[in-house]
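Below is one structure; the comments refer to it alone.
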């Protein structure tokens, strides 16, 4: 279990999830320079949306058949919340000092989290999420769970789709233009408001996919799971270079692998035997963030951007 | 507000609105002026009389409203509201000797007070009917009160009201235009927009012309009244009374703002700042003597700790514009540092017992070190990074102290059990744990800590005000408003920001050292991002934002509100954090400067509205996007 390939694989799976969430942060940030703190909660509501769909389906339904429906349900919830947040919370503040949208984002994050806690039936406790089956596949010495296969497949499909969309479609290129220079983009006839909404929507969509993957992977979802996942995903986005969608995925993978390795191997370092294990994983992820900010603040793939103050 | 030059022809009124000037000075309900005045006074008289009658048969409703001839419980609040309304109404009608109550002669104050009285009375009546099951439980007195306060409200609605004229610059019309496809929404919006009362801008007589003793007396009276109102609110024994109190206080304060009284008072305090500050301190010192009860002293000391930490956060968020989302961790660092050197037997250095001054310095130093460690890598970058890094730090701090129990990590903090049995402090040979006798008044343990904490609060207030007026404070504000411009003016942005961040952290550490001793023990749980009880980072941020960023009184007021309201309204607990989140969003949308605005801060948040109309029309689309990149 504790072989290096296994740890790398574990990190890869975890990292794919971080990457999927991180895309939402990075796209929004790239276009409106706003950290959407509520994105972790959008991820969480996606998972709850999918769970609601599952609960509405007839008992005993095949999970593989239900999965597309759950994804659609989660995506609808997440995208609606993301777009609604943009329209009603962030857009009115677009000209305001930078602190204002950040505080709004914090408020939104609290409100969404607590709304699920208070009004989703039974959300005071962890909710069970359907499972794909427990028998792992074996690839050499590596054990791969079915849910991990779903996760990686989803991440690859999403990533390829997004890359194609951004590169080739008209809207995608408008998006790149808006990220580079919103004023000029608008002068060139691009409806920047529409582009911003689309960026939020794509972020919400990917977050919903990640939310379903999270539920499948851990078997349980909670109303406050968005907080830590969001924090990690933001770390991943910074790690990869915020504003860069490939960077977000890469950052996610690096963070996931680093976390898996830290959990498994830090305890072997002399003098640090008590600092390994799951309890310290978040601490090491955070230390990694600080180190990256010190050494390479623009992130792995980011370009050196002058502070557009 | 932009004035329209008289020489220009009047603009055609868009979307059927009346001309801005016509929107002013008309009433909500059309009544002949004499009738409105008489209705107001009759309503006041009727309401006052009703409070001396019995409102209900049984004493099952708390506060005993059954007695004829002696108001009790919620009746007292109605009585106070009605008397205030009457006095202010007479003042607004020009009765000699009372006009000072309405310095700007605006009738809005009467309307607001009447609305407060009406709301309190009807709340009481409805609460009686609802809790006791039906209107049958009301005595005639209750009906008299309801009808009289309704007459009062209708009468004041018939008075001419100062409404805010529609902003003739582009923004209003732009908003209206956007809604123009949706008829009902447009109508509602216009109605709401027109209903907005106008206050604060009418001229008031300069209070500096009053004799000096009147000005000093005013400050003393206001300070005493403040203590009285606050202690009354704290001492309210049941939820209904507290809700009534809250309604009345909010409307009364609003009415005083509308009347221009607060403007005059802030002018007086600005003219006599040292004396006003002294009176504030005297009022705060008097609190444990007036409210001589350990429970309230405990509440007081917790509010002070919370308020002091909020004030420290205000340096970071309010003055420098850096968003610190893990601020409570610095409080935790200070508390843990103090606990470790307190001599508690659960500390790993159980033999070490520092005197208070040394423990306080240790706590500050520990927080300072962490502040610099977190700030140094992040403050060179855009502000947003700081927000997320501090959020992470807050979370990591809690995880780390949870794990440092000797099993999942090195043994430092005793894990989830925390460090308990922290001995009481001893200051100048005066043990804060023992009750002490002052004449006939005994000060208990929490009262002692309250006074100690008050000293620390005063220190923090001094640091805050002196720093914000100093060269460095002005650079903080410059950085907050425009970092690029400030840097171009020769301010070393990184250094100045790091000083603010480290100063804020060490002030939180200082408060933490006291809080460790007050609560006897430190455990990891309270130091999280959001939770049901203060202090946590979300509550702290809410206190600063709600109270007013960049002011001294704002965060303290915010902290007091956020501490007392959950304490008094226990039934809201489940919805509390949800309400917080929504409050933060709404404040940022509609009143980003908070309850007590800092003048410069307010201008900054509303700079768009100060733009010329021509710029505004364009500004909403293009310029706003450009600034989002700012």
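Points worth noting:
- Where helices (runs of 4 or more DSSP H) sit wholly within segment B:168-235, those with at least 2 residues that are at pLDDT below 65 occupy B:170-178, B:183-195.
- Any hit, segment B:574-585, residues being at pLDDT 80 or above, closer than 30 Å to residue B:269 by Cβ and surrounded by 15 or more Cβ atoms within 10 Å (Cβ to Cβ): yes
- Qualifying residue in segment A:122-137 (condition: closer than 28 Å to residue A:245 by Cα and in contact (Cβ under 8 Å) with a residue 12 or more places away in the chain): no
- Test: residue in segment A:221-233 that is modelled with pLDDT under 90, part of a loop (DSSP other than H, G, I, E, B) and either closer than 22 Å to residue B:401 by Cα or at the interface with chain B (Cβ under 9 Å from one of its Cβ atoms) (or both): yes
- Here residue B:549 meets each of (1) within 22 Å of residue A:101 (Cβ to Cβ); (2) assigned to a helix (DSSP H, G or I) with one exception, condition (2).
- Members of segment A:72-119 that are surrounded by fewer than 19 Cβ atoms within 10 Å (Cβ to Cβ) and either away from every other protein chain (no Cβ under 13 Å) or touching a strand residue (DSSP E or B) at 6+ places or on another chain (Cβ under 8 Å) (or both): A:72, A:76, A:80, A:83
- Check on residue B:304, crowded, with 17+ Cβ neighbours inside 10 Å, out of contact with any strand residue (DSSP E or B) (no Cβ under 8 Å at 6 or more places or on another chain), away from chain A (no Cβ under 14 Å) and part of a helix (DSSP H, G or I): yes
- Test: residue in segment B:443-460 that is free of Cβ contacts under 8 Å to residues at least 24 places away in the same chain and assigned to a loop (DSSP other than H, G, I, E, B): no
- Options B:116, B:81; residue that is within 26 Å of the chain's Cα centre (by Cα), buried (at least 17 other Cβ atoms within 10 Å of the Cβ) and closer than 19 Å to residue B:197 by Cα: B:116
- Scope segment A:35-59; condition at pLDDT below 90 and under 20 Å from the mean Cα position of the chain (by Cα); matching residues: A:35, A:36, A:37
- Every residue from segment A:139-166 that is modelled with pLDDT under 90 and loosely packed, with under 14 Cβ neighbours inside 10 Å: A:139, A:140, A:141
- Of all the residues in segment B:400-414, those that are assigned to a helix (DSSP H, G or I) and free of Cβ contacts under 8 Å to residues at least 60 places away in the same chain number 2.
- The single residue among B:327, B:336, B:346 that is under 17 Å from residue B:421 (Cβ atoms) and either surrounded by 20 or more Cβ atoms within 10 Å (Cβ to Cβ) or not assigned by TED's automatic domain parsing to the domain that holds residue B:497 (or both) turns out to be B:336.
- Test: residue A:163 is touching a residue at least 24 places away in the same chain (Cβ under 8 Å) and either closer than 25 Å to residue A:250 by Cβ or part of a helix (DSSP H, G or I) (or both): yes
- Any hit, segment B:371-380, residues being surrounded by fewer than 19 Cβ atoms within 10 Å (Cβ to Cβ) and farther than 28 Å from residue B:354 by Cα: yes
- Selection status of residue B:309, away from every other protein chain (no Cβ under 14 Å), in a helix (DSSP H, G or I), modelled with pLDDT of 85 or more and out of contact with any helix residue (DSSP H, G or I) (no Cβ under 6 Å at 6 or more places or on another chain): no
- Listed conditions (1) surrounded by 19 or more Cβ atoms within 10 Å (Cβ to Cβ); (2) at the interface with chain A (Cβ under 8 Å from one of its Cβ atoms) are all met by residue B:408, apart from (1).
- Exclusive hit being over 14 Å from residue B:408 (Cβ atoms), modelled with pLDDT under 85, more than 9 Å from chain B (Cβ to nearest Cβ) and touching a helix residue (DSSP H, G or I) at 6+ places or on another chain (Cβ under 9 Å), set A:265, A:246: A:265
- Helices (runs of 4 or more DSSP H) fully within segment B:1-114 that include at least 3 residues being at pLDDT 75 or above: B:33-51, B:74-92.
- Failed condition for residue B:433, given (1) within 22 Å of residue B:324 (Cβ to Cβ); (2) free of Cβ contacts under 8 Å to residues at least 24 places away in the same chain; (3) under 33 Å from the mean Cα position of the chain (by Cα): (1)
- Restricting segment B:371-399 to residues that are within 9 Å of chain A (Cβ to nearest Cβ) and not in a helix (DSSP H, G or I), the residue that is farthest from residue A:293 (Cα to Cα): B:382
- Residue within segment B:359-378 that is modelled with pLDDT of 90 or more and in contact with a strand residue (DSSP E or B) (Cβ under 9 Å, 6 or more places away or on another chain) present: no
The values are calculated or read from the model by the stated rules, or taken from the named source; none is laboratory data. The structure presented is a predicted model; accordingly, all values stated were derived computationally and were not measured. FYI the Cβ positions are ideal-geometry reconstructions off the backbone, even for glycines, and counts take in every protein chain you see.
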